[in-house]
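Take a look at the structure below.
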Amino acid sequence: MSRTAHITLLARYNDWMNNKLYEAAATLPAEELAADRGAFFGSLLATLNHIAVADTIWLKRIASHPRFAAALAPVAALPAPAALDQPLFDALGALRERRIWLDRLILDWSAGLDEADLDAVITYRRFNGEANHRQLGLLLLHFFNHQTHHRGQATTLLSQAGVDVGVTDLLALVPEAAM
């Protein structure tokens with residue numbers, strides 16, 4: 001499997017899992033979504049907000065590279081989140097609309113990447129001002145892994161609320177090999 005095919009698979013998995021997660025979350029009343037459950041970001045809603053915030057931050061950083069500026073211009077136009085725990089939306093419906101929009105952008109953009117794109121060096125600053133220079137391909141592994149990490153927290157919160165998200169394994173999207 002090529003690196004670009006790997007990234008495309010991760011983008012598809014991201015979209016698939018976010019759809020499942022938001023469908024499951026939509027079965028809960030707003031009070032339960034916002035209730036502090038002792039998770040890292042407190043509530044399920046805050047955890048979902050964090051994932052969208054982090055995705056926005058990373059996509060804006062990547063959009064600063066001339067090679068990706070046009071394709072990621074819509075996210076570059078968004079206001080930069082001021083903190084990783086900043087709530088983008090107080091209601092699941094509005095957050096879900098942003099999530100769907102972000103996932104479409106991620107799917108479309110990643111489908112157009114070539115192997116040379118994955119070697120591009122992205123220069124960015126962390127919140128503490130520290131300058132970083134990293135290869136896009138490796139940053140995208142972090143990007144998708146970060147989402148998976150926090151979706152795991154979200155599925156735990158849903159499970160504790162009695163909601164079963166169902167199968168969450170990437171393996172569900174991996175085709176059987178021809179024998």
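The values are calculated or read from the model by the stated rules, or taken from the named source; none is laboratory data. None of these values were measured; they are calculated from a predicted model. Here Cβ is always computed from backbone atoms with ideal geometry, including for glycine, and neighbour counts include all displayed protein chains.
Quick look at the numbers
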quantity	calculated
ALA116 of a type outside the set (Lys, Arg) and without any contact (Cβ under 8 Å) to a residue 24 or more places away in the chain	yes
Residues located in the range 128-154, provided they are among the basic types (Lys, Arg) and within 21 Å of LEU170 (Cβ to Cβ)	ARG151
Residue list for the range 35-53, restricted to those being crowded, with 18+ Cβ neighbours inside 10 Å and either in contact with a helix residue (DSSP H, G or I) (Cβ under 9 Å, 6 or more places away or on another chain) or part of a strand (DSSP E or B) (or both)	PHE41, SER43, LEU44, LEU45, ALA46, THR47, LEU48, ASN49, HIS50, ILE51, ALA52
Which numbered condition GLU32 fails, given (1) more than 16 Å from the chain's Cα centre (by Cα); (2) surrounded by 18 or more Cβ atoms within 10 Å (Cβ to Cβ); (3) within 18 Å of ASN145 (Cα to Cα)	(3)
Subset of the range 112-159 (residues that are acidic (Asp, Glu) and assigned to a loop (DSSP other than H, G, I, E, B))	ASP114, ASP119, GLU130
Search result, residues across the range 160-174 that are at positive phi and either touching a Lys or Arg at 6+ places or on another chain (Cβ under 9 Å) or in a helix (DSSP H, G or I) (or both)	GLY166
Out of ALA111, ALA131, ALA154, sole residue that is over 17 Å from THR56 (Cβ atoms), at pLDDT 95 or above and surrounded by 13 or more Cβ atoms within 10 Å (Cβ to Cβ)	ALA154
